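One structure below.
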Amino acid sequence: MGVESAFGDSWITTTIDSVLNWGREHSLMPMPFGTACCAIEFMGLVSSEYDISRFGAEIVRFSPRQSDLLMVMGTISYKQAPILKRVYDQMAEPKWVLSMGVCASSGGFYDNYCTVQGIDDLIPVDIYVGGCPPRPEGLIEAILKLQEQRIARQSVLTQPEDAA
Amino acid sequence: MSDLLARVSEHFGDRLIETLQGVDMPSLRLRPEALLDVVAWLVEDGFGFLTDLAGVDYLKFPKAQPSRFAVVYHLYDMASGRRVRVTCPVGDDLKVPSLTGRWQGADWLEREAWDQYGILFEGHPNLKRILNHHEFVGHPLRKDYPIRARQPLSENDALVDEMALRLRARGYVLPEVERDLLAGIRGSDHGVEAAPGAPSHGSRGGSPVAVAARPVGQGRLPEGADLHAELMFVNLGPSHPASHGTLRTFVALDGETIVAAVAEIGYLHRGFEKSTESQTYNACVPYTDRLNYCSAMLNNFAFCKAVEKALGLTITPRTKAIRVIIGELSRIIDHLVCIGTNLVDLGALTNFWYFFNVREKVYTIFDKLTGARLTNSYGRVGGLARDFYDGCGADILVVLTEIEAAVAEVETLVKRNRIFLERVQDICVVPAAMALSYGWTGPNLRATGVDYDLRKAEPYDGYETYDFETVTGTVGDTYDRIFVRFGEIGQSARIIRQALSRLPEGPVMVEAKGVSLPSKDDTYNNIEGLMNHFKLVFEGVKVPAGEVYDASEGANGELGFYIVSDGSGRPYRNRCRPPSFMSFAAFPDMIEGHMVADAIASLGSINIIAGELDR
């Protein structure tokens, strides 16, 4: 059923930004960079009970080149850090980063010789979700906030780095 | 048991430093030069299974020790259920003979002791770092290494040295030039040189075949070239959907067949052992949640049980029963995730949803019981954090029925499915001898036909009073590993029903000063109670000086803790014996000769949980 059914034989006007952002917001393709416990909660999120597809983000892509939302879920060690950086670099613009759980956000209680104290040392982060691990509801809220506060405010007139 | 110590001292005399009967098992301390002989004697005596190998640094230990470092071996006699601890002090040259010739599992364990403590194992084929990255300087578990001394990594190891070793073992020759080329895959020459102390290697057996190694996607084959003369090198992981984000397998492919494979771990090494050394025993419990995070409470209980053994505590009957019930429920949901994701790796997505639906229902119970879905921290030294809520037993019975329905449904879908059967039967077979040499335990070992389950072999928490069977396989292929887990879900449900039907009343915490917190009434209303509470929280439960090894049957096998106490409220050394580590050590041997897709399927079937693997 086309847009005519809603608007009839009339005109609608909008901006390129609104159309693009509307599309981007509701067709997120997450790249789940799951390393630890949080990844198990992500499984809960994509399963029937919480069902991330209600928010347009269920097309999980394990190839960074096909995804626009990098979900970092779990502890990032110094051994893992170059890989995370490489995965982020491989993603095409526009792209967003969600840091799930305290380990990814700050190192959590792993304040020691092998753990990166927050992935924002390596890559820019758009949204942080607290919890160890966060509940799926928290993750859903983060995705909604990301859609509303970051993606919806993208503009074709600004470079991605200015957009923030 | 002291009979063993008497015989061993009679045989070796002053080649031993001392023998003593520990709270857990007989223990002997020997001179490094006697290690191989004593181990050979013990193996002859029946101790054929290397349970664990760990380094200890006594630098800050209050009681003087013969040497700063020691390597501690735990051996097990599977036929009669005896254990023995062998402690080998390390001299100033830091050298200890390697046991890699006797047990394949010693390879990675010795690499870990080298990585964490800098102990050199003479005769080890390739002594290099395993948990920490290859640019790391120093040995973090040494007591003089500051816990926050962080060392960033610029580029990951190309693993060329290990690949060259394995290719040579398969009869391939990897000329220097091609090795450089291979290193060029990652634009780095790291790892080309052999690790210090590693002997040079000649090609073993057969007539060597010269094979040109060519990086992926570099040009076309020349006209008339033999397709099988060139190997292709591919990294499976660490960022790969089937590798759980943290396992890396570097493979040399001939077509789709894996000729040689090298596994690299440590991507989720997060310093469990070092971090817990500065925590009180009860504060270690949340760290144990994050070992095998698919069944967090099994780890809680295993750790608490080890500390209780060191304390000589007997927990209350109700605590035992609840630990059994919740532990078995955790085992069930662990197996659900393992089978579910394994089937996803085989392309069967639906089963995953069926299993995750019931897993969510178990989460709801755990959430009500402990306040958390995944990382529950429900165990406490001497008991549990809290008792069952009203109606918990009834909730569990309902969810058990639903789990059984889901399992029956999935079994119907796969059991006679020809595509599934052809993907898993006789694939990546691990014979019992190989599994034992690698130190496999748990469902993976039972799939090979070895009936070893700690719940039967060394019953704890009253497991001897429940009527259940251990499930074993016959061949040790991917099929067996999956169906042993299917069977165990049923057995666990049986145990839970029995335990619920005769759940004793009573407290869920021991009444012992210095272990259990005083009642809130005491804490708030009298100074002695308040002081007691304060000291327990800040100084922790004081564990008598000494060492103890204690193991429980985790979801993946023998989950052991070797705790060295200096008498304070914090573990001086907290070694975790992770079953996944032993399982994954065998992975390269398992998959060589098989296709890439089969390797993925068998990786799922050995259920590697990175938190436990890398700690």
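No lab work stands behind these numbers, since they all come straight from the coordinates. Source: prediction; values computed, not measured. Note that we place each Cβ from the backbone using ideal geometry, even for glycine, and neighbour counts take in every protein chain shown.
Residues whose amide H lies under 5 Å from that of B:Asp52, counting only those 5 or more places away or on a different chain, are B:His74; hydrogens are built 1.01 Å from N in the peptide plane.
Of the trypsin sites (Lys or Arg not before Pro) found in the range B:98-176, those that fall in a DSSP loop while having at most 11 other beta-carbon atoms within 10 Å are B:Arg148. Taking amide hydrogens as placed 1.01 Å from N in the peptide plane, the amide H of B:Val90 sits under 5 Å from those of B:Phe69, B:Ala70, B:Val71, each at least 5 positions away in sequence or on another chain.
Along the range B:489-506 the Karplus relation, 6.51 cos²θ - 1.76 cosθ + 1.60 evaluated at θ = phi - 60°, assigns HN-Hα couplings of 4, x, 5, 4, 4, 4, 4, 4, 4, 5, 5, 5, 6, 9, 6, x, 7, x Hz to successive residues, with x for each Gly and Pro. Rank B:Ala551, B:Met582, B:Val508 by how far each Cα sits towards the positive end of the charge dipole of the range B:467-615 (+1 on Lys, Arg Cβ; -1 on Asp, Glu Cβ) and give me just the farthest. The one lying farthest along the dipole's positive direction is B:Val508. With a 10 Å cut-off around each Cβ of B:367-375, the average count of Cβ atoms from other chains is 3.
Given +1 at the Cβ of Lys and Arg, -1 at the Cβ of Asp and Glu and no other charges, the dipole of the range B:273-354 around its Cα centre is 320 debye to the nearest 20.
Using 0.36 nm per residue and subtracting the Cα-Cα separation, the extra length available between B:Asp144 and B:Lys415 on full extension is 92.1 nm.
Packing-based ranking of B:412-418, B:583-589 yields B:583-589, B:412-418, ordered from highest to lowest mean Cβ neighbour count within 10 Å. The dipole here belongs to the range B:2-122: it is taken about the Cα centre, uses +1 on the Cβ of Lys and Arg and -1 on the Cβ of Asp and Glu, and is about 300 debye.
Taking a threshold of 20 Å on the Cα-Cα distance, which of the pairs B:Lys95/B:Lys274; B:Lys305/B:Lys456; A:Lys85/B:Lys143; B:Lys513/B:Lys535 fall above it? Beyond 20 Å: B:Lys95/B:Lys274; A:Lys85/B:Lys143.
Each of A:Glu4 and A:Ser18 was given a label point 7 Å from its Cα along the Cα-to-Cβ line. The distance between the two points is 2.2 nm.
When you filter the trypsin sites (Lys or Arg not before Pro) in the range B:1-58 for DSSP loop state and at most 16 other Cβ atoms inside 10 Å of their Cβ, nothing is left.
In terms of the mean number of neighbouring beta-carbon atoms within 10 Å, the peptides B:371-383, B:504-516 order highest first as B:371-383, B:504-516. Each principal axis of the range A:3-111 carries a Cα extent, and these read 62, 33, 22 Å when sorted largest first. Helix content alone sets the calculated 222 nm mean residue ellipticity of the protein assembly as shown: runs of n ≥ 4 DSSP H residues at -39500 (n - 2.57) each, divided across all residues, give -11500 deg cm²/dmol. Karplus-derived 3J(HN,Hα) values for the range A:63-72, using 6.51 cos²θ - 1.76 cosθ + 1.60 with θ = phi - 60°, are 9, x, 6, 9, 10, 10, 10, 8, 9, 8 Hz; glycine and proline are entered as x.
In terms of its alpha-carbon gyration tensor, the range B:277-348 comes out oblate; a/c meets the 1.5 threshold, while b/c is at least as large as a/b.
Note on A:23-35: average number of Cβ atoms from other chains within 10 Å of each residue's Cβ is 2. Show log10 I(q)/I(0) for the range B:272-577 at q = 0.12, 0.14 Å⁻¹, two decimals, from a solvent-free Debye sum over equal Cα scatterers. Results for the range B:272-577 at q = 0.12, 0.14 Å⁻¹ read -0.81, -1.07. Look at the stretch B:260-272: the mean tally of other chain Cβ atoms within 10 Å of its residues' Cβ atoms is 5.
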